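In what follows, a single structure is set out as structure tokens and then discussed.
The values are calculated or read from the model by the stated rules, or taken from the named source; none is laboratory data. None of these values were measured; they are calculated from a predicted model. Because the Cβ atoms are built from the backbone with ideal geometry, glycine has one as well, and the counts that use them run over all protein chains shown. For accessibility, only protein heavy atoms count, side chains too; no ligands or nucleic acids. Shrake-Rupley method; radii C 1.70, N 1.55, O 1.52, S 1.80 Å.
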Amino acid sequence: MNKKHLISIILSLIILPLFLIPYLGNLIFAQTTTSQYKGKIGNYPITIEVYKEGKDKIKGRYMYDKVGKWLKLEGKILKNNRVIIYEYDENNKNTGRFIGKIEKGNVLKIEKHINNKTKKYLNVRLPKIVLKVKFKLLLPHDYITNMGFSYNTNINFWLVGAKKCSFSNSNNIDEYCKKYYVQINNKVYGPYDDVEPVIKGTKFYIFFNNTSTYGWKFRKDNQEYIQINDQTYGPYDKAFALDFSENGSRYGWVFLKNSRYYIQLNDKLFADYDYIRDLVISPDGSKTAWVYEYNKKYYVAIVGQTTRVYGPYDWVSKPVFAKNASKYGFVFQDYTKGDFVQINDETYGPYHYIPATPPDLSFSDDGSKYGWVFKSKGKWYIKINEKEYGPYNYIEKHTFKLSSDGSSFAFIFKYSEDFNYYYIQINDQSFGPYLVIDLCNDASKYGWWYMDSQGKEYIRIKDEIYGPYDGAICPTFSNDSSNLGFIFRKDDKNYIQINDKTYGPYDYATFTFTKDNKAYIAYISGNELVIEEVE
């Protein structure tokens, strides 16, 4: 029996991978989870059980299955990725210790000490150990309305739950009377009369993307408030347009108080107007735009290192930014001349009609490509930079998308406005017909949701078709396009599809791809929320 093999197996299983140490180190409120492994030392089967406790402790035990006696392991993660582990026999006598350090390439260099004598050095290449943590559901709820999580240096999750109101003079529960609560990790906020997460496209956000900043709007006692981390702003007569940059560096909202409109950007009160309609923060946080009204005309303010004001207009759409904020645009109307598109300081038009709520404008990430849909003389066209595509008989409003790299475009169309079936166009290729359809992602990583004539729902990713389902949500791709995922519903249960693997059934579930393209799922199990890394 080779003691060196035993040391290698134990340490290769119980030492946490380098990339997880800073994440797990802050989950001090997570419930302990034990992982059990089966293996062999030579021809002898062994069982090892290990878990992480508190902020930096490693505990576990191992035994030879034939002997059936456990040896205890207790260790600690030190600074600079150093690890020390102690071994104890059945009499709780220390029989040795392991000292190690996790080095580049996820290799642990250790030395075994027995009676203060060094045996020898061992190098162990650590296997991938997936993260799986559990959190208690602390918010009072009859059902969960929304859930999600953020992932940067910590795992943070959020839940919105509703509890039905009951009355002391009646055993009946009013279905329309609810109180709402928000749980952020191990802290509960509420009760509220209503809660509104930030909505971007079809997604709901509490955390400002992959950051530790979170916020939402809530209503209580006929007043409205904004919650940003542990700071409550308000009360306001009205609050709306809560928005944030992708890096979480800037956030803001509009509020009405004493018949005047104001803009709050981070902790600064920025403006005072007769009327403000929209607030938009660029993805990189460098610019902010808002639409305001003065003397019955509309104006657009673009504020960064300098301020640029456009207008007056009879009507104007909500502004749109490219990801790097180098380009911005909006649609405006002149009731006597027609519709126009403004891209930075360049004006295009007039056109007979441009879908503008929301604006049918799309940018590549770097702003080098930009385009929109317009109608002229009864026909539909697409304009990308200085090139026009068309004519088309009918383009479905608000479906035009440029790919993030600007290499391709997509939209949904019908052969005529009265035609019953929809088609999707990806550059010069058409797909269809479909009864109902939704283009989900940019055109270079395209995927879409559709419904057939029987009311069943499907997901299509290029030539791969998933379904039929009772319900499904648009697919999402990882940053490098190597992974895809979506949520679907079948037999009143939720499932998560990550690439070719299906996870579920769950009562409630969601997933995310991190910046380094790893996949994590979160789901409700009993009175716990479970977050785990998946392949």
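Considering only DSSP states other than H, G, I, E and B, which GluC sites (Glu not before Pro) in region 394-494 qualify as loop sites with at most 13 other Cβ atoms within 10 Å?
Sparse-neighbourhood loop GluC sites (Glu not before Pro): GLU417.
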Practice prompt. Name the aspartates and glutamates eligible as straight-distance cross-link partners of LYS490: C-alpha to C-alpha under 12 Å, and not fewer than 8 places from it in the same chain.
Written response: GLU457, ASP470, ASP507
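Tally Lys/Arg at +1 and Asp/Glu at -1 over every other residue whose Cβ is under 12 Å from the Cβ of GLY311; what's the total?
0
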Worksheet, complete the sentence: Of every hundred units of 1.4 Å-probe accessible area on region 416-524, the number belonging to carbon and sulfur atoms, as a percent, is 43 percent
Worksheet item: Measuring from a point 7 Å past the Cα of ASN479 along Cα-to-C-beta, which residues in region 500-521 have an amide N at less than 17 Å?
Response: 512-520
Worksheet, complete the sentence: One finds, for SER368 and ASN527 with R0 = 45 angstrom and r their Cβ-Cβ distance, a FRET efficiency to the nearest 0.05 of 0.35
Item to complete: Roll a 1.4 Å probe over the protein heavy atoms and report the accessible area of SER525 in Å², nearest 10.
Response: 60 Å²
Worksheet, complete the sentence: Each label sits 7 Å from Cα toward the beta-carbon; between ARG260 and ASN295 the label points are separated, in nm, by 2.1 nm
Worksheet item: Hey, what's region 443-535 come to in accessible area per residue, 1.4 Å probe, Å²?
Response: 45 Å²
Worksheet item: Stretched out fully, how many nm does the piece from THR95 to GLN223 gain, at 0.36 nm a residue minus the Cα gap?
Response: 39.6 nm
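Run through region 390-461 and list the trypsin sites (Lys or Arg not before Pro) located in a DSSP loop whose Cβ has at most 10 other Cβ atoms within 10 Å.
none
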Worksheet item: So, with +1 on the Cβ of K and R and -1 on the Cβ of D and E, and no other charges, what is the size of the charge dipole of region 223-380 about its Cα centre, to the nearest 20 debye?
Response: 440 debye
Worksheet item: For region 334-445, max minus min Cα coordinate along each principal axis, in Å, sorted largest first?
Response: 39, 33, 22
Worksheet item: Hey, which of these cross-link pairs are over 21 Å Cα-Cα: LYS337/LYS369; LYS187/LYS268; LYS397/LYS515; LYS59/LYS101?
Response: LYS337/LYS369; LYS187/LYS268; LYS397/LYS515
Practice prompt. Go ahead and run the numbers for FRET between ARG82 and ASP230, Cβ-Cβ distance against an R0 of 41 Å, rounding to 0.05.
Written response: 0.75
Practice prompt. Show which aspartates and glutamates lie in cross-link reach of LYS203 when reach means a straight Cα distance below 16 angstrom and same-chain residues fewer than eight apart are skipped.
Written response: ASP243, GLU246, ASP438, ASP442
Worksheet item: Loop-only check: which trypsin sites (Lys or Arg not before Pro) in region 283-387 are DSSP coil with at most 13 other Cβ within 10 angstrom?
Response: LYS296, LYS337, LYS377
Item to complete: Can you find, among TYR423, TRP449, PRO505, the residue farthest towards the positive end of the dipole of region 412-523? Put +1 on the C-beta of Lys and Arg, -1 on that of Asp and Glu.
Response: PRO505
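Suppose every K and R has +1 on its Cβ and every D and E has -1 on its Cβ; what is the size of the dipole of region 390-524 about the Cα centre, in Debye to the nearest 20? All intermediate terms of the calculation are to be shown ahead of the outcome.
Details: 13 positive and 18 negative charges, 46 e Å.
Charge dipole, region 390-524, about its Cα centre: 220 debye, nearest 20.
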